[in-house]
Amino acid sequence: LLADAMAPLAALQARHGVFAVTGNHEYYAGADAWIAELTRLGMRVLQNERVTIQAGDGAFELAGVPDWTGGRFAPAHQPRLADALPILERLASLTHGLVEEQATARLGLGECGLATGDLVAAREHFEHAERILAEASLPARVPARRGRAVAHYLAGELRYAVYLLEST
């Protein structure tokens, strides 16, 4: 039944290959079977990985992580954004005078960590954003502090989350 439903996808073609990433529906319907079928059809399923696509003189990174629910179904399907996008880590560590942009990047990575359930990484990104913004006004620092508080709260550390919010 799955093979029949997915048969039209076999016609997909692209100069640099056809790629796929699992979403929540695949997990509720048996992700391993979906991945096997997508692979059989000639697609490369990206799971916590990236590929470099060369196009003429340029290139870009195409990354894929499993749906944030994937780890509930199989530990190997836990999304790990840092594995797929280490370039974001490297870019977020550079300032080149772009302090506001660096803080925004760290806040975004923190939000990604919250969304994927990687609370340790989320907390680290929010803490890094706070350090970057140490000399900024309180309103500029609030998103980083709030992000840290949410990460601690989701990790079951309610007292510390409240402390962070009260000390803002």
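For Arg146, what charge total do you get from the other residues with a beta carbon under 13 Å from its beta carbon, if Lys and Arg give +1 and Asp and Glu give -1? Numbers along the way, then the final one.
On the way: positive: Arg123, Arg141, Arg145, Arg148; negative: Glu111, Glu127, Glu130, Glu166.
That works out to 0.
Determine, for each peptide in 10-23, 57-70, the mean count of other beta carbons within 10 angstrom over its residues, then list the peptides with the highest first.
Highest-to-lowest ranking by the protection proxy: 57-70, 10-23.
All other residues with a Cβ under 11 Å from the Cβ of Thr22 taken together, and with Lys, Arg as +1 and Asp, Glu as -1, what is their net charge?
-3
Computed from these coordinates, which is Cα extents along the principal axes in Å: (i) 169, 23, 20; (ii) 58, 43, 20; (iii) 74, 39, 30?
Evaluating Cα extents along the principal axes in Å on these atoms matches (ii).
Would you work out what percent of the accessible area of the stretch 49-168, with all protein chains in place, is carbon or sulfur (probe 1.4 Å)?
Using a 1.4 Å probe with all protein chains present, the stretch 49-168 comes out at 58 percent carbon and sulfur.
What is the magnitude of the charge dipole of the chain about its Cα centre, with +1 placed on the Cβ of each Lys and Arg, -1 on the Cβ of each Asp and Glu, and no other charges, expressed in debye to the nearest 20? Mind dumping the intermediate values first?
Details: 15 positive and 20 negative charges, 34 e Å.
Approximately 160 debye in magnitude.
The values are calculated or read from the model by the stated rules, or taken from the named source; none is laboratory data. Remember, it's a predicted structure, so these values are computed and weren't measured experimentally. Glycine gets a Cβ as well: all are built from the backbone with ideal geometry, and neighbour counts include every protein chain shown. Remember, those area values only see protein heavy atoms, side chains included, never the ligands or the DNA or RNA. Shrake-Rupley method; radii C 1.70, N 1.55, O 1.52, S 1.80 Å.
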